[in-house]
Every structure is written in structure tokens, then in C-alpha cells.
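Working notes for the structure below.
Please treat every number below as a calculation from the coordinates, not as lab data. As the structure is a computational prediction, the values presented were derived from the model and not from experiment. No Cβ is skipped: glycine too gets one built from the backbone with ideal geometry, and neighbour counts run over all protein chains shown.
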Amino acid sequence: MSRFINRQIVKLHKKEDKMLKKKSAGFLQKNVDNISDKLEAKIPQNLRDTLENAFEKAFKVVFEKGTAIIEKTYSKDRVSFEYEINDFAIDRNRRSIPLKKHMKNIDKISKRSRFMGKGLAFAEGAGLGLLGIGLPDIPVFISVILKGIYETATGYGFEYDTPQERMYILKLIQAAVCEDEEKYIKNYELDQWAEAIRKKHWNGDLETEIKKTAKILSDNMLFAKFIQGLPVIGVAGSLFNLSTYSRVSEYAALKYKKRYLEKKKRKKILAGDNSR
């Protein structure tokens, strides 16, 4: 069991390193970088501030009133039940083949969520883009992102509705959408925060973390929200929604799986398990 967990962690570290080195810009972003840089320079500061405030308010509203609504859009009990069955099987098995099978079953929960979430992110952006709506869709978009993270967290056996876990989610979003060296810094900070939660020595302020996340998201999506406010052409904004959702959801799956595996490793070390 311990060897299986260690091999899984090694594979995950390689995947994480590859993800951190990968440039975030996708095909669409690469083709509009020059245009977006020129347009962003002309976007007035008051619109930038409005966008940042919109993201900040969206997180507060969804955290305060939207979580219960989001939970109605998927079966939290079913996801928890699937996790518990496979987690129990992983604890009981010692052979590599069944362990791989049950680990894949846990991973499937996150994959299923990401697949559905990508469709929601694109449809939400496209529908409002046709109407020339950019800013008002932000609470909906944040809800779609959080829904995916909530399902992923539940699928790997973690809570998401406590202050410390909400701050973990916010730090996760920051790390997922930032660029270059900052990505490594944010990734490290996220791992440190996960360790602080485990040791119950966390100390932070949710309001501050919301502001940080709103700033990073608004900077990252400024051009997207600007063009989404233009009728018809705003549909292109949906592709930015999809790109951002994909980055966050894929990163979330990696980080929650990492937390899960490290938790299993600690448990096996304490139990003195050196089996395969």
C-alpha cells in the first residue's frame, strides 16, 4: 500500500511540475494577446475597479448565500458515498491492481465534474455574450467555478465550507490563474496553507483573501469581460470563461488529489505499513 501511494505521489509531482511550467495562454489567448494588450491600455481605470469589485462581491454573495444553492445542482451525498466506498477499499487492499482501480474511481468523480463544468462555463459565457452582458454574469461564473471545486473537494474527502477551506479555495484560484514565477510562489503558499490546516495552526483573514483573488481574476479576465459586454462579439468571451474554468478545475483536481495522497501516506506511516 505505502509503495503504491508513494508511486502515485511521484507521478503527481511530475504532473504538477509540468503544469507549473506550462504557459497558461491557450490558442485563443495567443491569437488575441496583441489586441488585448492594446485594448486593455485604453480601458478606463473605473471599469477596472468595477470589475474587481464585481468579483469581490460575487465571492462574498456565493460564500454567504450561494453554497446551499450550488449543492442542489449536484448530489453531495452521492459523491461522498462514492468517495467513502473507494477510500475504504484502498485502505483494505494491498494489491496494486485493485488499488489502481479504486484510485481511478475516486479520480472519475473529479473528471465527471470538470466535463460538466466546462459545458456550463462555455454556455453561460456564450448566452450572456450574445446579449452583450459582461459584468452581470460574474456571480454566475464564480458559482460555476466553485461548483466544480466543491465537487472535487468532496470527491477526495475534503470539506469546503469552513473559513480555512474557503481560504484554501481562494488561494487555489489565485495560483491557477496567475502567470510565470508568481505561479510557483502561489503554488508553494497553497501547499503551506494545506499543511497549516492539517496542523490546525492556520491564521488568515477571509476578507483579505477574497480581495486578492478578485484582483488576480479581474486582471486576468479584463479583456474577456470587456469584449463580452459587446453584443454578438461578446460570445468570444465565453472562450475565456472556458479557458479560466479549465485551468482552475484541472489545478484543483491535482491539488486535492495531492492532499488526499499525502493524508493516506501519513496514515500508513503511523500504522507502520510498508506493503505494496
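Legend: calculated FRET efficiency, R92 to K65, from the Cβ-Cβ distance at R0 = 41 Å, rounded to 0.05, equals 0.50. Using only the Cα atoms of the stretch 175-217, build the gyration tensor, take square roots of its eigenvalues as a ≥ b ≥ c, and label the shape rounded, prolate or oblate: rounded if a/c is under 1.5, else prolate if a/b is larger than b/c, else oblate. Here the stretch 175-217 falls in the oblate category.
Distance from the C-alpha centroid of the stretch 50-119 to that of the stretch 143-166: 7 Å, rounded to the whole angstrom. Counting every other Cβ atom within 10 Å of each residue's Cβ, V248, V177 order from fewest to most as V177, V248.
This ranking places E56, E181, E195, E151 by how few other beta-carbon atoms lie within 10 Å of each, fewest first, which gives E181, E195, E56, E151.
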